[in-house]
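The values are calculated or read from the model by the stated rules, or taken from the named source; none is laboratory data. What you are looking at is a predicted structure, and each value in this text was computed from that prediction instead of being measured. All Cβ positions, glycine included, derive from the backbone under ideal geometry; neighbour counts span all protein chains shown. Protein only, heavy atoms only, side chains kept; ligands, DNA and RNA dropped before computing areas. Shrake-Rupley method; radii C 1.70, N 1.55, O 1.52, S 1.80 Å.
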Amino acid sequence: MATEAELMWVEKYRPRSLEDLADQEEVRARLEAMLKRPQEMPHLLFAGPPGTGKTTVALIVARTILGDSWKDYTLELNASDERGIDVVRERVKSFTRYVDLREGIPFKIVILDEADEMTSDAQTALRRIMEESSKVARFILTANYSSNIIEPIQSRCAVFRFVRMGEKDVVAFLERICKAEGCQYDEDALHLIYEYTQGDMRQAINQLQTAAAMGKVTLESVRQVFGIGRRSAVKDMVQLALGGDFASARKKLLELMRIYGMPEQDLLKFTFEEVMSLKDLDHAEAAKLFAEYDYRLGQGSNPEIQLSALLAELSALRKARST
Ligand SMILES: Nc1ncnc2c1ncn2[C@@H]1O[C@H](COP(=O)(O)OP(=O)(O)O)[C@@H](O)[C@H]1O
Ligand SMILES: [Mg+2]
């Protein structure tokens, strides 16, 4: 049976070395220099938008430094999955307990994905864990926003900034996949995928695979793939928020931003349209709300925080009506 790695193009075409990586020139150059002397490698912090190669590069670093048996010396944790800092501490402790470092293995590597999901208390504890295990282990943290990582951790890490990938690089990468898969495509359809995904490579590849499954990758099939998925997720999110289930609504929001890579302005617009199409709601109040958040996003505020706050206000709006 085919494994997930063979079925999912994002896994199948995940770069295995720095040369395979698209774009991210600056990250690549600095890392290549650093990997020449792995013994001196500090902890690393990879910051940047979803789908730009942070986890991929963390795995490449581990593979490059640790060689064939890299998996035995690498611990992968996801900060948003693990049940709190105690679980992280226990897992890191047992991972670093035995110092069975062989020749050619300078240290073990802990990859902590989405570290900016941790509360600042948890991050303070994390910093202590990093210090306690620094003889045996190096940490690679990834985050969407480096500003959400507490200063004492930032200052102990070499920070690498990943950028949204450029149109040329994305289209070239998608084209390579199409050729490798022998799938038919129109070039303008690949540009349209880029437009929808704005430099999020994970999402671009997923959408390409879905469109390819419909036969040929054309403007038509790409439009269809995007329209259906995103609209129904926005609708769900609005329903959850108005139903007062803020936690689930926020989860949908993060899914839309991270998995679908939906730009915040689109999210705001589609949410607005969805809310305005509903009956039994104070449309004037809602319009004022959206205008306020439209303004804040335009000022460059953190979109995840602002849109979460908007969902919270929407929950309150419906509650106010029903009481
Ligand atoms: N720079 C890149 N070059 C080529 N493919 C990439 C790049 N960045 C991401 N990808 C593709 O997107 C998928 C997700 O990348 P990942 O490293 O998990 O992103 P992040 O951790 O930044 O959210 C990878 O499996 C790979 O297929
Ligand atoms: Mg990641």
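I'd like to verify a number: residues in segment 28-55 that are away from ligand 2 (no atom under 14 Å from the Cβ) and open to solvent by less than 10 Å² (accessible area, probe 1.4 Å), how many?
Residues in segment 28-55 being away from ligand 2 (no atom under 14 Å from the Cβ) and open to solvent by less than 10 Å² (accessible area, probe 1.4 Å): 2 in total.
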Report task. Go through segment 144-165 and give me each residue that's within 22 Å of Ala29 (Cβ to Cβ) and open to solvent by 80 Å² or more (accessible area, probe 1.4 Å). Result -> Arg161, Arg164
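Return yes or no: is Ala58 within 16 Å of ligand 2 (Cβ to nearest atom), at pLDDT below 85 and buried (at least 19 other Cβ atoms within 10 Å of the Cβ)?
no
Within the bounds of segment 125-132, is there any residue that is in a loop (DSSP other than H, G, I, E, B) and out of contact with any Lys or Arg (no Cβ under 6 Å at 6 or more places or on another chain)? Before you say what the answer is, go through the steps one by one.
If we filter segment 125-132 for residues that are in a loop (DSSP other than H, G, I, E, B), which is where we start, we get none.
Within segment 125-132, none of the residues are in a loop (DSSP other than H, G, I, E, B) and out of contact with any Lys or Arg (no Cβ under 6 Å at 6 or more places or on another chain).
Just checking, which of Val87, Val110 is at pLDDT 90 or above and in the same structural domain as Val10 (by TED's automatic domain parsing)?
On the way: Val87 fails: at pLDDT 90 or above.
Going through Val87, Val110 in turn, just one is at pLDDT 90 or above and in the same structural domain as Val10 (by TED's automatic domain parsing): Val110.
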Report task. Considering (1) open to solvent by 20 Å² or more (accessible area, probe 1.4 Å); (2) assigned to a strand (DSSP E or B); (3) not small (Gly, Ala, Ser), say which one Phe95 fails and leave the rest. Result -> (2)
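Which residues, taken from segment 227-275, are basic (Lys, Arg), within 12 Å of Glu304 (Cα to Cα) and in contact with an Asp or Glu (Cβ under 8 Å, 6 or more places away or on another chain)? First the steps, then the outcome.
Our first condition is that a residue be basic (Lys, Arg); within segment 227-275, this holds for 230-231, 235, 250-252, 258, 269.
Next cut, within 12 Å of Glu304 (Cα to Cα) only: 250-252, 258.
Passing the criteria: only Lys252.
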Query - The lone exception for Pro49 - which of (1) in a helix (DSSP H, G or I); (2) within 21 Å of Asp20 (Cα to Cα) it fails - result: (1)
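From the set of residues in segment 107-123 that are assigned to a loop (DSSP other than H, G, I, E, B) and open to solvent by 10 Å² or more (accessible area, probe 1.4 Å), which is farthest from ligand 1 (Cβ to nearest atom)?
As a first pass, look at segment 107-123 and keep what is assigned to a loop (DSSP other than H, G, I, E, B): 107, 114, 118-119.
Then drop every residue that is not open to solvent by 10 Å² or more (accessible area, probe 1.4 Å), which leaves 114, 118-119.
Numbers: Glu114: 9, Met118: 16, Thr119: 21 Å.
The residue in question is Thr119.
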